[in-house]
Structures are given as C-alpha cells and as structure tokens.
Amino acid sequence: MSDEYLPDILTLCGKDGKNTDFEVLDIIEYQGEKYYVLLKRFKDSLTALKSSADYIVLKAVQNGEETFFGVPEHDITSAISEIFEERYNAEFYG
C-alpha cells in the first residue's frame, strides 16, 4: 500500500479557452453556498518555485454540472479565507 499523497485536481477552462489545473485545497460551505479553495498547479517544479503560492476562492454553482465563479464580495472571500486558514493550521500545526 502506498502512503503517497494524491491531490484532487480540478481543470478549469478560462475565458481565453485555455485549461488550467488547480489543486483543491478545501471545499467550504458558507451561508448556504459552496466555495472551493484552489491552488494553481504547474507542469514543472522550477516554474512552481518561481510563482506566487496564493490560493484563490471560487463559488461553485450547480446547474447540471458544477460551474465556478469569482467572488467579488471581499467580506465573503475574507470569511472563506479565515475558515480555510483555521482548518489548515489545525490540520498541519495542531
């Protein structure tokens, strides 16, 4: 049995028609809505090291298939970020 970590990968198609892979860091239910916390994935480790390690928050809407939208409301993004960071710190720094 392998102890290797296999992250959940989500591929999103941008407005430019290009696909981008993201690692799903967390899925958070907040005020009756579903939000994904995502980190962009890179093909090689050198590019990843040179890039920003900022995560993004997208709102998921179910309409036959899941569709993702940016979250323009700063207070919602802040609340989701706070929940995510509390969970992350509890998981990894106990």
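Structure notes:
- Among residues of segment 12-27 that are within 19 Å of Ala53 (Cα to Cα) and of a type outside the set (Val, Ile, Thr), those with a Cβ under 6 angstrom from a residue that is open to solvent by less than 30 Å² (accessible area, probe 1.4 Å) and in a strand (DSSP E or B), sequence gap 6+ or separate chain, pair up as Phe22/Leu38; Leu25/Val37; Asp26/Val37.
- Qualifying residue in segment 39-51 (condition: touching a Pro at 6+ places or on another chain (Cβ under 6 Å) and modelled with pLDDT of 85 or more): no
- Single residue of segment 34-68 satisfying the filter (surrounded by fewer than 10 Cβ atoms within 10 Å (Cβ to Cβ) and within 16 Å of the chain's Cα centre (by Cα)) that is farthest from Arg87 (Cα to Cα): Ser52
- Residues of segment 69-87 satisfying the condition of being open to solvent by less than 60 Å² (accessible area, probe 1.4 Å) and either among the small types (Gly, Ala, Ser) or in a loop (DSSP other than H, G, I, E, B) (or both): Gly70, Val71, Ser78, Ala79, Ser81
The values are calculated or read from the model by the stated rules, or taken from the named source; none is laboratory data. Quick caveat: nothing in here was measured; it's all calculated off a predicted structure. Positions of Cβ are generated from backbone atoms using ideal geometry, with glycine treated the same way; all protein chains shown enter the neighbour counts. Protein only, heavy atoms only, side chains kept; ligands, DNA and RNA dropped before computing areas. Shrake-Rupley method; radii C 1.70, N 1.55, O 1.52, S 1.80 Å.
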